[in-house]
Amino acid sequence: MATTIRLTRMGRKKMPFYRVVVADSRMPRDGRFLELLGTYDPLKEPPAIRIDEERALFWLNKGAQVSDTVRQIFKKSGVLKKFKEVRG
């Protein structure tokens, strides 16, 4: 099973709120997921990012692919830096 770390949209119309989830790559964007890793709220100033770093690193070590947007979120929160240090 190919896993992807990506965003799932929540919130009402014109008020987006996202969950960062680990999902099977064949599932739809807002469909079933394996685990919730955190949240991302782009409407706050600065954007609010909450990530469970331990679980994110676990899934990255397992080989989960990261979407482009989540990659940027992980860079801002420092998860990718920790992952490269562990891999390094």
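Each of 16, 46, 4 was scored by the projection of its Cα onto the charge dipole of the chain, and the greatest displacement toward the positive side belongs to 16; charges sit on the C-beta of Lys, Arg, Asp and Glu. When the P(r) is computed for the chain, the part past 15 Å accounts for 56% of the Cα-Cα pairs. Summarising the label geometry, the points placed 7 Å from Cα in the beta-carbon direction at residue 19 and residue 61 lie 2.5 nm from one another. In the structure shown, the pairs 14/81; 44/82; 13/62; 13/44; 44/75 are assessed against 28 Å; a Cα-Cα span above that value is assigned to 14/81; 13/62.
Subtracting the Cα-Cα distance of residue 27 and residue 72 from 0.36 nm times their residue separation leaves 14.0 nm of extension gain. For the range 43-51, the Karplus equation 6.51 cos²θ - 1.76 cosθ + 1.60, evaluated at θ = phi - 60°, returns couplings of 7, 6, 10, x, x, 7, 10, 10, 10 Hz by residue, with Gly and Pro reported as x. Annotation: amide H-H contacts under 5 Å for residue 10 (H modelled 1.01 Å from N, sequence separation of 5 or more, or interchain): 17, 18, 19.
Think of the range 7-88 as having a plus end and a minus end, set by charges on the Cβ of Lys, Arg, Asp and Glu; of 86, 63, 33, 33 sits farthest toward the positive end of this dipole. Loop-located trypsin sites (Lys or Arg not before Pro) across the range 17-58 with a Cβ neighbour count of 15 or fewer within 10 Å are 26, 29, 32, 44, with loop assigned by DSSP. Calculated accessible area for the chain comes out at 68 Å² per residue, all protein chains present (probe 1.4 Å; ligands, DNA, RNA ignored).
The values are calculated or read from the model by the stated rules, or taken from the named source; none is laboratory data. Since this is a predicted model, take the numbers as computed values, not measurements. Here Cβ is always computed from backbone atoms with ideal geometry, including for glycine, and neighbour counts include all displayed protein chains. We work out accessible area using only protein heavy atoms, side chains counted, and drop any ligands, DNA or RNA first. Shrake-Rupley method; radii C 1.70, N 1.55, O 1.52, S 1.80 Å.
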